[in-house]
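> My questions will all concern the structure given below.
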DNA sequence: TTTAATGCAAACATTTTGCACCCTG
DNA sequence: CAGGGTGCAAAATGTTTGCATTAAA
């Protein structure tokens, strides 16, 4: 986790950018909430709760920077805005989203990675990334409301 | 294709809703552009080009209705707005998107469907739908610009 | 001390909504 | 002719940008 932070410093240095208080806070917040998938506003609220006030515009700028650097991934959970998670890419995964309570669960995609690679070769694409969301109803919601 | 239209009529009737000029035009436009994945504004422009003026608000309302009915699917191609395609679900598919030219190609997901169903069972979810986008660089873009 | 980063407010883009009028069933 | 549908304009979201000020390096 701290290795990730070092990568961020390396990225900034190699691009002539600066490590700032806001960037550190935002990135650490994402690193420390891997299962939460916060959106921009939630990141601001979480930091505010710790008495760390960061402007929303700065949060958006930092998020874009982190995504560009490859250290963070933007996820679309079907809510009309982006959610963010750390991208330690050893653990590429899809998201299983409950349509009733909104719970988000991650899963490793056994076999899916390979299937997608096969498709890339077939169609002549050099693949970069993929995004897989699965929607359904979790056991609790099925039990509680038929 | 006309069977789809009949389904739409059935859906409307069974929900106490009315078939209108706007609804017919929007749905037929989507049915007739399966590979295009238009967004709301593009649907309006295409209809306008045929001298069929429909208000954008009505187009959005109709799109939501069509998605609710299950006859149309909203697709996120990473452009910050939704694209729409007919959902003749025999041909469930993923989207292969070129990060350079934006070309969108569809592919059948051999084996992926099954892998996802296995995950649903494992995690105790009753699955509803899934969405798979793969990003990369198409052969033309790779050839033309290294 | 130089150059980039921040915060704020304004601008943008997409989508939704309130309301008076219109049309389908 | 009753109840849903439409268009328009306004509002609601989510995100980006211009600019004067602040802070890394």
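Coordinate-derived values only; no laboratory data. Because the structure is predicted, anything quoted here is derived from the model rather than measured. Reconstructed Cβ throughout: ideal geometry from the backbone, glycine too, with neighbour counts over all protein chains shown.
> Based on DSSP, what percent of beta bridges with both residues in chain B are antiparallel, to the nearest 5?
Here the antiparallel bridges make up roughly 70 percent for chain B.
> Using the 7 Å Cα-to-Cβ label point, sort the distances from residue B:14 to its equivalents in the other copies shortest first and give them in nm to one decimal.
From this label point to the equivalent ones elsewhere in the assembly: 5.6 nm.
> Below 8 Å, C-alpha to C-alpha, sequence gap of six or more: please give me the relative contact order for chain B in percent.
Normalised by residue count, the contact order of chain B is 18 percent.
> Rounded to whole Å and sorted largest first, what semi-axes of the equivalent ellipsoid does the C-alpha gyration tensor of the protein assembly as shown yield via the square root of 5 times each eigenvalue?
Equivalent-ellipsoid dimensions as semi-axes: 35, 23, 22 Å.
> A further question follows. Please compute P(r) over all alpha-carbon pairs of chain B, binned at 5 Å starting from zero, and give each bin as a whole-number percent.
2, 8, 17, 17, 17, 15, 11, 7, 3, 1, 0, 0
> May I ask you to derive the relative contact order of segment A:94-145, considering only C-alpha pairs under 8 Å and at least 6 residues apart, and to give it as an integer percent?
Computed value for segment A:94-145: 51 percent relative contact order.
> Another question, if that's okay. Along Cα→Cβ at 7 Å, what distances in nm separate the residue B:121 label point from those on the other copies, shortest first?
Label point to label point, same position, other copies: 2.8 nm.
> Only helical DSSP H runs with n ≥ 4 go in: add -39500 (n - 2.57) per run for chain A, normalise by residue count and round the 222 nm mean residue ellipticity to 500 deg cm²/dmol.
It comes out at -14000 deg cm²/dmol, rounded to the nearest 500.
> Where the Cα atoms of segment B:17-72 are projected onto their three principal axes, how long is each span, largest first, in whole Å?
27, 24, 16
> Quick one: with label points 7 Å out along Cα→Cβ, list the inter-copy distances for residue A:92 in nm, shortest first?
Going from nearest to farthest copy, the values are 2.1 nm.
> Given the convex hull of the Cα atoms of segment B:94-145, what is a quarter of its surface area in nm²?
So the Cα hull casts an average projection of 4.3 nm².
> Using a Gaussian network model on chain A with a 10 Å cutoff between Cα atoms, which of A:24, A:53, A:121 fluctuates the most?
Highest fluctuation among the options: A:121.
> To continue, here is another question. For segment A:114-134 and segment B:1-77, what is the centre-to-centre distance using only Cα atoms, to the nearest Å?
For segment A:114-134 versus segment B:1-77, the Cα centre distance is 30 Å.
> Length gain on complete extension for the stretch residue B:41 to residue B:20, per 0.36 nm per residue less the alpha carbon to alpha carbon distance?
Stretched out fully, the residue B:41 to residue B:20 stretch lengthens by 5.6 nm.
> Rank B:122, B:29, B:114 by mean-square fluctuation in a GNM of chain B with C-alpha springs under 10 angstrom and give only the top-ranked residue.
Between B:122, B:29, B:114, it is B:122 that shows the largest mean-square fluctuation.
> Mind checking which of A:120, A:55, A:35 has the largest fluctuation in a GNM of chain A, springs on alpha carbons under 10 Å?
Among A:120, A:55, A:35, the largest GNM mean-square fluctuation belongs to A:120.
> Moving on. I want to check the label-to-label distance for residue B:61 and residue A:4. Put each point 7 Å from Cα in the C-beta direction and report it in nm to one decimal.
So the two model labels end up 4.5 nm from each other.
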